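The values are calculated or read from the model by the stated rules, or taken from the named source; none is laboratory data. Because the structure is a prediction, the values reported are computed rather than measured. Each accessible area value is taken on the protein alone, full model and side chains, heavy atoms only, with ligands, DNA and RNA left out. Shrake-Rupley method; radii C 1.70, N 1.55, O 1.52, S 1.80 Å.
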Amino acid sequence: MNREQRRKQSKSGLIKQFLDDLSMANKFKGIIEGDWPIHDGDKVTLNLEEIRKHPGYERKLPAYRRFCEMNAGRVFTVCIDQNMRNSVVCLKEDQTKPKWLFWIGDLTKVTEDDT
């Protein structure tokens, strides 16, 4: 590979990275402006794979980990507390006191086709 080919490859890699970053920035911009992917009353399931990816998952309370693992396939209804940010929600069917809080990135929205 000659110098010109390496430069061209380097530029294309930078352009791809820029477009990926721009896509992520647009996603965050939508969230900041209130374009939340999950709303009050939506049906969701726990995304156990994402929850387990958290760096501190092993240090979480055993009761939290047990709740997540036992309810991995269960469908819940989102309940947004007006005192919380829209990105942190509780689940209506959660019977624990107090209810567990979940970041919307750890939830998967259930569509009518999934039910």
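Laid out as a table, the results:
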quantity	calculated
Extension reserve of the residue 20-residue 109 stretch, reckoned as 0.36 nm per residue once the Cα distance is removed	29.7 nm
Surface share of carbon and sulfur [accessible, 1.4 angstrom probe, percent] for the range 44-111	53 percent
